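Before any comments, here is the structure.
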Amino acid sequence: MSDADQPNGNELAVSRAIEIATRVGVLFLLAAWCFDIVKVFIGPVTWGIIIAIASYGPFERLKDLVGGRDRIAAVLFILIGLVLLIVPSVMLSETLVGGGAEFVKGLGQDRIHIPPPPDSVAGWPLVGGEVHQLWTLASQNLQQALNQFQPQLKAIGLALLGALGSAGLGILQFIASIIVAGMLLASAEGGRAFAHAFARRLAGERGGELATTAGATVTSVASGILGVAIIQAILAGLGFAAVNLPGAGVWAIVVLLAAVVQVPLALVMIGIIAYVFTYASTPVAVVFAVWSIAVALLDNVLKPILFGRGVKVPILVIFVGAIGGMASSGIIGLFTGSVILAVGYEIFRVWLFQDEADASGAGEPAAEAGA
């Protein structure tokens, strides 16, 4: 190339670089703008996809009952899902509102009495004296004792109001998710074809395998973790309601959250059982204790059955996903976070051990590594 042609070549390269950078920048801005518009829908849509994948088997049976008509089955699925969501939500709301109103009314009428503290409290290290003094004041005049903590109580009240608002938004998101799930199930075959085609475009020949792995992981985690947690919460709530436990709906939600994040339910149930023994008759309390212990141990029976249908994911992945999801996306993230992180973990595991699987001719990565 001559010296005269060199500047023209440099100018052409610079022109092309500017053109490419402009195109990439415009595409990036467009993608960022689109994401900003749809980000509020990401949580409900993701949860809707998870529900649709996990509910495909029951939906197929429901479709058979209505003569194979997809749309009618989808409408029934949505209605059943909404009933299962709204009824417990209404019961929980009544528990919270009724319990709060009863507490305020009882406090105003001086019907709430706290027993005086035992003398041994004063001997507690460091805080014994202050706790004994405050406890004594609360047993004599509860309202005066509460007045000492007005700033803290105000902050707690504001936090509770914020939590109730977040819970209301979460319920709306769950409603939207159920509707999305029903719409996806009505065109399940098309959605499956799209997922496999998209996976193949991303991962080439192994895209179909990764899509299948992702679907199996969603089904396994949704049924083995979330499904078991919901069953335990419902059964525990029935037991709480049967013994007229104050705030039964709230405690059922606590059981649900503990089960999702894999906290042993015995830690929750032991305190509740002990409290029930303080006001219920001995036979009722014993039956409730047996029921509660059975509910706490139920996951040991159901998890092996339901997890056996899919893939095994380490409990640590579930725990981190649930906590991280709730921190980033609220109550709906508690459910989507564990599933999404489990899918990512399982796909990474398949990709990491794919050479060993190809060499051995097996369909599964080597020796369930890390599971």
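The values are calculated or read from the model by the stated rules, or taken from the named source; none is laboratory data. Remember, predicted model here, so these are calculated numbers, not experimental data. All Cβ positions, even for glycine, are placed from backbone atoms using ideal geometry, and neighbour counts span all protein chains on display.
Structure above, values below:
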read-out	value
Among the candidates Ala248, Ala274, residue that is surrounded by fewer than 17 Cβ atoms within 10 Å (Cβ to Cβ) and over 18 Å from the mean Cα position of the chain (by Cα)	Ala274
Considering residues of the stretch 204-240 that are farther than 25 Å from Val268 by Cβ, among the aliphatic types (A, V, I, L, M) and buried (at least 17 other Cβ atoms within 10 Å of the Cβ) only, the residue nearest to the chain's Cα centre (by Cα)	Val218
Selected residue (criterion: surrounded by the most Cβ atoms within 10 Å (Cβ to Cβ)) from residues of the stretch 330-350 that are among the small types (Gly, Ala, Ser) and more than 10 Å from the chain's Cα centre (by Cα)	Ala342
Lone qualifier among Ala222, Ala211 - being free of Cβ contacts under 8 Å to residues at least 60 places away in the same chain, of a type in the set (A, V, I, L, M, F, W, C) and in a helix (DSSP H, G or I)	Ala211
Test: residue in the stretch 170-186 that is closer than 21 Å to Ile331 by Cα, of a type outside the set (Phe, Trp, Tyr) and modelled with pLDDT under 75	yes
Any pair with Cβ under 6 angstrom, 6 or more apart, that starts in the stretch 56-76 at a residue that is of a type in the set (Asp, Glu) and ends at one that is assigned to a helix (DSSP H, G or I) and surrounded by 15 or more Cβ atoms within 10 Å (Cβ to Cβ)	Asp70/Ala186
Residue match in the stretch 174-194 (condition: in a helix (DSSP H, G or I), in contact with a Phe, Trp or Tyr (Cβ under 8 Å, 6 or more places away or on another chain) and of a type in the set (Phe, Trp, Tyr))	yes
Residues within the stretch 277-296 that are crowded, with 19+ Cβ neighbours inside 10 Å and at pLDDT below 85, tallied	0
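Here is a yes/no grid of residues against (1) surrounded by fewer than 10 Cβ atoms within 10 Å (Cβ to Cβ); (2) of a type in the set (Ser, Thr, Tyr); (3) within 26 Å of Val218 (Cβ to Cβ):
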position: Arg23; (1), (2), (3): no, no, no
position: Val26; (1), (2), (3): no, no, no
position: Asp36; (1), (2), (3): yes, no, no
position: Phe41; (1), (2), (3): no, no, yes
position: Ala54; (1), (2), (3): no, no, yes
position: Glu60; (1), (2), (3): no, no, yes
position: Ile80; (1), (2), (3): no, no, yes
